[in-house]
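A short write-up of the structure that comes next.
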Amino acid sequence: MTSSRRRSRRPSFWVGLVGLAVAALLGVTSGLAGAVAFAALYVAVCALWALVTRRAWWGPTSRPIAGVVAGAALVLVVGAALADGAVRGEGGVEVGSHRPAPSAEDTAPEPVAPEPVAPSPAPSSADPTPTPEETLEAEPGTALAAVARLEVKGRAPRTGYEREHFGQRWADVDRNGCDQRNDVLRRDLNDVVVDDGTGGCVVRSGTLAEPYSGTVVAFERGDDTSALVQIDHVVALADAWQKGAQQWDATTREAFGNDPLNLLAVDGALNTQKGAGDTATWLPPNTAFRCEYVARQVGVKVAYGLWVTQAEKDAMIRVLGECPDEPLPTGDLVPPPGTDGTGAEAARTSGGHPAQESDAAVVGPEVGGGEPGCPVKGNHSSSGELIYHVPSGRYYDVTKPEDCFQTEEEARAAGYRRSKQ
């Protein structure tokens, strides 16, 4: 009879046990550490109650024992929380992120590219091998020099990323009456033919000297052919989201998503292959284009204040170290629409705007400030356009001039156009 009583449990015991199981289930969505933390928190609350009543669902409990149980449970809660944070910090993989379906007229999907593990340098009996940053020596105005201005931080979670956060796809941000996709096609394609009745905007066909592969790709607009040539965000939108763009306002994100400096017409298959890769995880197969490609990524990230990972910065220095004189791109206007395609050629030869006969005849006032002897700096953009910078411009201080002018009118008369930045 006595043995039977000892084996029996009060209803409160089973209720308490069920509560413990429910607490663990609530925490299991955060993994094993979450389940342990929730269960321990439940036990800690019950033990604190036992300190007051001397009873708990597991039976009569003295206050010293209840205090020990409460303390141990709270320590377990803290330990589980710290363990969960460490796992999340090292993993860097977000679950449940949503990506919109790509269209034939849009850029390729942008999957999160894994961070590569840099190989360890071979051991040497000499002094330790210096890091890329320790050996960095570059002339002002070069892309290599600008790498030093990029902040190094870890990749933020991709949580919340949606293509729509970067505004309308191919908006007419420069208000020239033509969407940005067709603007870039007219800029990057040769032998451009435009559709009648579109004001010289919509590109029907052309040929692309494809930069990523080094081959020539024929473009023809159509449901089955448009995707062969896609517009790539040189700094992928998903990569930007994880390296600073989450903190921008909607206007800045739309400007970034449609900035000609960050857009290139490229082979569709290679754009898909690149995805959301940065310099550390993807480079064009065409090695002759890598310097210009990485320089453009640096230019975009400097212009918008995006950060880089350490692996990404090391890769930038490694590539640009082979071409230390590669200039930092500072702007890339698109040509105005032309009904027969001649607008694109006119824009390229006149620096982004139609040449005016009066340009050469007007001297204009000298520009104040800036470097003595070179108040207006002229150089080539990444696409070969002639652009000039004034002291109030964003890139004046870092531009290594190829030509110097006393006035803006002199620069325009020489075929230069003013940088937008």
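Consider region 221-250 and keep the residues that are out of contact with any strand residue (DSSP E or B) (no Cβ under 7 Å at 6 or more places or on another chain) and free of Cβ contacts under 8 Å to residues at least 60 places away in the same chain. The one that is farthest from VAL184 (Cα to Cα) is GLN247. Counting the residues of region 169-209 that are surrounded by fewer than 22 Cβ atoms within 10 Å (Cβ to Cβ), assigned to a loop (DSSP other than H, G, I, E, B) and not hydrophobic (A, V, I, L, M, F, W, C) gives 12.
Filter region 213-255 for residues that are within 24 Å of PRO329 (Cβ to Cβ) and among the basic types (Lys, Arg); which is surrounded by the most Cβ atoms within 10 Å (Cβ to Cβ)? Only one residue fits best here, namely LYS243.
Mind checking which residues of region 192-228 are among the charged types (D, E, K, R) and within 27 Å of CYS291 (Cβ to Cβ)? Can you show your working first?
Within region 192-228, the first condition is being among the charged types (D, E, K, R), and the residues that meet it are 195-196, 204, 210, 220-221, 223-224.
GLU210, the sole residue that qualifies.
Return yes or no: is GLN356 more than 25 Å from ALA138 (Cα to Cα), at pLDDT 55 or above and either β-branched (Val, Ile, Thr) or surrounded by fewer than 19 Cβ atoms within 10 Å (Cβ to Cβ) (or both)? Steps first, answer last, please.
On the way: more than 25 Å from ALA138 (Cα to Cα): yes; at pLDDT 55 or above: no; either β-branched (Val, Ile, Thr) or surrounded by fewer than 19 Cβ atoms within 10 Å (Cβ to Cβ) (or both): yes.
Considered against the rule, which asks whether it is more than 25 Å from ALA138 (Cα to Cα), at pLDDT 55 or above and either β-branched (Val, Ile, Thr) or surrounded by fewer than 19 Cβ atoms within 10 Å (Cβ to Cβ) (or both), GLN356 comes out as no.
Hey, could you check region 266-305 for residues that are among the β-branched types (Val, Ile, Thr) and buried (at least 24 other Cβ atoms within 10 Å of the Cβ) and say which is nearest to TYR395 (Cα to Cα)? If we take residues in region 266-305 being among the β-branched types (Val, Ile, Thr) and buried (at least 24 other Cβ atoms within 10 Å of the Cβ), then VAL298 is nearest to TYR395 (Cα to Cα). Pairing each residue of region 58-71 that is under 18 Å from LEU41 (Cα atoms) with any residue that is surrounded by 15 or more Cβ atoms within 10 Å (Cβ to Cβ) and hydroxyl-bearing (Ser, Thr, Tyr), provided the two are 6+ apart or on different chains, yields C-beta distances under 8 Å for VAL69/THR61. Can you name the residue in region 260-302 that is charged (D, E, K, R) and without any contact (Cβ under 8 Å) to a residue 60 or more places away in the chain and, of all such residues, is nearest to ARG155 (Cα to Cα)? Among those residues, the one meeting the criterion is ARG290.
Out of VAL87, VAL36, VAL28, report the one residue that is at pLDDT 75 or above, among the aliphatic types (A, V, I, L, M), surrounded by 11 or more Cβ atoms within 10 Å (Cβ to Cβ) and over 24 Å from the mean Cα position of the chain (by Cα). Steps first, please.
Values: VAL87 fails: at pLDDT 75 or above; VAL28 fails: at pLDDT 75 or above.
Every option except VAL36 fails the conditions.
For region 146-153, the criterion of being in a loop (DSSP other than H, G, I, E, B) and without any contact (Cβ under 8 Å) to a residue 24 or more places away in the chain is satisfied by at least one residue.
The values are calculated or read from the model by the stated rules, or taken from the named source; none is laboratory data. Computed from a predicted structure; not experimentally measured. Don't worry about glycine lacking a Cβ; one is built from the backbone with ideal geometry, like all the others, and counts go over all protein chains shown.
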